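The values are calculated or read from the model by the stated rules, or taken from the named source; none is laboratory data. Nothing here was measured: the structure is a model prediction, and the numbers come from that model. Every residue, glycine as well, gets a Cβ built from its backbone with ideal geometry; the counts of neighbours run over all protein chains shown.
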Amino acid sequence: MHHNTTIFMRVQDIIKDSIQVKSKMLYDNELMMNIQLAAISCIKSFKQGGKVLLCGNGGSAADAQHIAAELSGRFYYDRQPLYAEALHVNSSYLTAVANDYGFDRVYSRMIRAIGRKNDVLIALSTSGNSQNVINAINNARKLGMITVGLSGEDGGKMNEACEILIKVPSKDTARIQEAHILIGHIICELIETELFPKNPE
């Protein structure tokens, strides 16, 4: 019974930690402004016939794919699909380029293939230092894409690389990733409501 109590308290502590990170976000004006700027950049790009590309590693790759699915599929309601794609989903491409050129170039090479001026790259890295993600951001900027980064509180190399950087006020990878999905959902909702205003009842 004592063991169960310890686990119960640990579960509570983890949930409290997650709430604390989100509470900090709520009063971080720079973070709020950057979320808004990221959404506006995506809206402008979609209106001009552009697209949103996303990348990350591990859990951040899953988050990139999740956010892409909300845009290309649907979020809250039925509407036209939007062109959004996570860069890691073609495993044949990924393994070929990693094998032939090195893993650091898997995303930057795909950006060169499909990125266009005024498209948006949303790059996710909890440390802000993943080299393949940084290389993708640098290539995207060369092409005239808008670069949005999602990182932890440090920002790492993303501080210099990204035009818009959304820094989650935490050093804990799991808490940062939970916040990245919240940010992704906010951006998706802002895009959807702006591009597809609901008809008045």
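Looking only at region 112-133, residues that are in a helix (DSSP H, G or I) and either over 21 Å from Glu160 (Cβ atoms) or in contact with an Asp or Glu (Cβ under 9 Å, 6 or more places away or on another chain) (or both) come to 4 in all. Considering only residues that are touching a helix residue (DSSP H, G or I) at 6+ places or on another chain (Cβ under 7 Å) and among the basic types (Lys, Arg), which ones fall in region 102-145? Selection gives Arg105, Arg109, Arg112. Condition (residue is closer than 16 Å to Gln131 by Cβ and of a type outside the set (Phe, Trp, Tyr)) applied to region 59-73: is it met by at least one residue? Looking for residues that are closer than 16 Å to Gln131 by Cβ and of a type outside the set (Phe, Trp, Tyr), one finds at least one in region 59-73, hence yes.
Suppose the filter is outside any helix (DSSP H, G or I) and either in contact with a Leu (Cβ under 8 Å, 6 or more places away or on another chain) or modelled with pLDDT of 95 or more (or both); does Leu54 pass it?
Against the criterion (outside any helix (DSSP H, G or I) and either in contact with a Leu (Cβ under 8 Å, 6 or more places away or on another chain) or modelled with pLDDT of 95 or more (or both)), Leu54 qualifies.
Within region 1-30, residues that are among the β-branched types (Val, Ile, Thr) have Cβ atoms under 9 Å from residues that are part of a helix (DSSP H, G or I) in these pairs: Ile14/Ala174; Ile14/Arg175; Val21/Arg175; Val21/Ile176; Val21/Glu178; Val21/Ala179, counting only partners at least 6 apart in sequence or on another chain.
For region 146-168, a residue qualifies if it is closer than 17 Å to Gln20 by Cα and either at pLDDT below 95 or basic (Lys, Arg) (or both), and exactly one does: Lys167. Residue under question is Ile40, and the condition is that it be β-branched (Val, Ile, Thr), closer than 19 Å to Asp119 by Cβ, in a helix (DSSP H, G or I) and in contact with a strand residue (DSSP E or B) (Cβ under 9 Å, 6 or more places away or on another chain); does it hold? No; evaluated as a whole, the condition is false for this residue.
Condition check ((1) within 15 Å of the chain's Cα centre (by Cα); (2) at pLDDT 95 or above) across all residues:
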{"position": "Arg109", "(1), (2)": "no, yes"}
{"position": "Asn118", "(1), (2)": "no, yes"}
{"position": "Leu124", "(1), (2)": "yes, yes"}
{"position": "Ser130", "(1), (2)": "yes, yes"}
{"position": "Gly144", "(1), (2)": "no, yes"}
{"position": "Ser170", "(1), (2)": "no, yes"}
{"position": "Arg175", "(1), (2)": "yes, yes"}
{"position": "Pro200", "(1), (2)": "no, no"}
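Of the residues making up region 143-180, those that are crowded, with 17+ Cβ neighbours inside 10 Å and part of a helix (DSSP H, G or I) number 8.
Looking at region 80-96, which of the residues that are of a type outside the set (Asp, Glu) and buried (at least 19 other Cβ atoms within 10 Å of the Cβ) is nearest to the chain's Cα centre (by Cα)?
Ala86
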